[in-house]
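Novice: Just passing along the structure, written as structure tokens.
The values are calculated or read from the model by the stated rules, or taken from the named source; none is laboratory data. Not measured: the values here are computed from a predicted model. As a convention, Cβ positions derive from the backbone with ideal geometry for all residues, glycine included, and neighbour counts pool all protein chains shown.
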Amino acid sequence: MQNQLSSSINMEPEQYPYIRPNDFKEYISEHYSDSDLSVCFDVGDIDTSGKSVNLDAYLFLACIEGEISGEIDTSNYHLRPNDIIVCRPNRQLSNITRSNDFKCIAIKISQQMLLSILPMNERLFNSNIHFACYPVVSIDDTDATRLHTYYSLLKSEAANNGKRYRREIVLSLAIAAIHKMLYLIDKYLGINDSGQLKQSEILFGRFIELLSDSDLTQRTVNYYAEKLCITPKYLSVVCKRTSGKTASEWINEFVVKEIKKQLKHSSKSIKEIALDLDFPNLSFFGKYVKAHLGVSPTQYRKKLFE
């Protein structure tokens, strides 16, 4: 891998900026960009000045050629040809590297626009379950060849600056490409081809969506069960049956991921993080972190930057 695009983070974490779709041009030479949508086909010009950036939009990325690596929150990912990744808003991107021959379809779309083109339908947004658990999907050569058609069309139309209806054409093709990626994600993750989800799958999807959008100050099964208008016992049964994990285990997984993210990417003190997540006191927070990470918050932060 070549072209190191973001350097290691200093020992003292900083508060990093959001990148909205129309701000993306500050970090990359995009081929098309407006207030809700950006489309690009390589990331060779990214310059994060050694900092992480917080993406305030959905990112749909399909690797066409070459390879790319990076970190989303505290997890490392490596994409090769025929890999697709979907990154939800409010995720921090850092340490991006790519090969010289890297090519991709990268579509960044605001949450408002995505919801307007994809009605809140259980089938499509059930994919949120998988975005949380298995963000990279690998497709076969036949499906990849079909996806390359979108790459060629999008790149050709995005290059036509000043052409009448350019925005409408690029937007239509980008929406089609997003639908195609969602279809492939469903296909390779085994989501029911008939589009008919079981009631338990729908409930589990809503639970994951609640967790994804929550500030995670609420950590009881009762709280999420009440939001879903079901009993805590039924929520736990649904989660175990659908995913193999209990509702409590899912809550802890999201909370621990947020704690790790803040310890690495935030300039907040450990006390401030504990307060923000509404832990009753610093001692309780320390015990929670040690129970789930095996070390204290201070030790975990220190290990990150050794």
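Novice: For the condition closer than 30 Å to TYR32 by Cα and touching a Ser or Thr at 6+ places or on another chain (Cβ under 9 Å), what is the one hit in LEU182, LEU277, LEU171?
Specialist: Only one candidate qualifies: LEU182.
Novice: Any idea which residue in the stretch 237-262 is farthest from ASN222 (Cα to Cα), counting only those that are touching a Cys at 6+ places or on another chain (Cβ under 9 Å) and surrounded by 20 or more Cβ atoms within 10 Å (Cβ to Cβ)?
Specialist: TRP250
Novice: So, one more: Given the options ILE175, ILE251, ILE202, ILE230, name the one that is touching a residue at least 60 places away in the same chain (Cβ under 8 Å) and either β-branched (Val, Ile, Thr) or on the phi > 0 side of the Ramachandran plot (or both).
Specialist: ILE202
Novice: Does the stretch 213-224 hold any residues that are part of a helix (DSSP H, G or I) and either surrounded by fewer than 16 Cβ atoms within 10 Å (Cβ to Cβ) or out of contact with any helix residue (DSSP H, G or I) (no Cβ under 8 Å at 6 or more places or on another chain) (or both), and which are they?
Specialist: Listed by number, the residues that qualify are ASP213, ASN222, TYR223.
Novice: Further, regarding this structure: Can you tell me which of TYR150, TYR165 is touching a residue at least 40 places away in the same chain (Cβ under 8 Å), of a type outside the set (Gly, Ala, Ser) and in the same structural domain as LEU59 (by TED's automatic domain parsing)?
Specialist: TYR150
Novice: Moving to a separate point now. May I ask you to verify whether PHE285 is surrounded by 17 or more Cβ atoms within 10 Å (Cβ to Cβ), in contact with a helix residue (DSSP H, G or I) (Cβ under 7 Å, 6 or more places away or on another chain) and part of a loop (DSSP other than H, G, I, E, B)?
Specialist: In short, no.
Novice: Across the stretch 248-282, what is the total count of residues that are among the basic types (Lys, Arg), assigned to a helix (DSSP H, G or I) and more than 14 Å from SER296 (Cα to Cα)?
Specialist: Result for the stretch 248-282: 2.
Novice: So the check is Cβ under 6 Å with 6+ separation or different chains; which pairs have a first residue in the stretch 95-107 that's at pLDDT 90 or above and a second one that's hydroxyl-bearing (Ser, Thr, Tyr)?
Specialist: Sorted first by the residue in the stretch 95-107, then by its partner, the pairs are ILE105/TYR151.
Novice: If you don't mind, another one. Of all residues being part of a helix (DSSP H, G or I) and within 22 Å of the chain's Cα centre (by Cα) in the stretch 225-247, which is modelled with the highest pLDDT? Just the residue, please.
Specialist: Among them, the one singled out is ALA247.
Novice: Filter the stretch 45-69 for residues that are of a type in the set (Gly, Ala, Ser) and modelled with pLDDT of 85 or more; which is nearest to ALA144 (Cα to Cα)?
Specialist: Here the residue is ALA62.
Novice: Can you find a residue in the stretch 22-44 that is closer than 30 Å to SER269 by Cα, touching a helix residue (DSSP H, G or I) at 6+ places or on another chain (Cβ under 6 Å) and at pLDDT below 80?
Specialist: no
Novice: Out of (1) touching a residue at least 40 places away in the same chain (Cβ under 8 Å); (2) within 20 Å of the chain's Cα centre (by Cα), the odd one out for TYR183 is which?
Specialist: The failed condition is (1).
Novice: Out of the stretch 144-162, which residues are assigned to a helix (DSSP H, G or I) and not polar (S, T, N, Q)?
Specialist: If the condition is that a residue be assigned to a helix (DSSP H, G or I) and not polar (S, T, N, Q), then ALA144, ARG146, LEU147, HIS148, TYR150, TYR151, LEU153, LEU154, LYS155, GLU157, ALA158 are the ones that fit.
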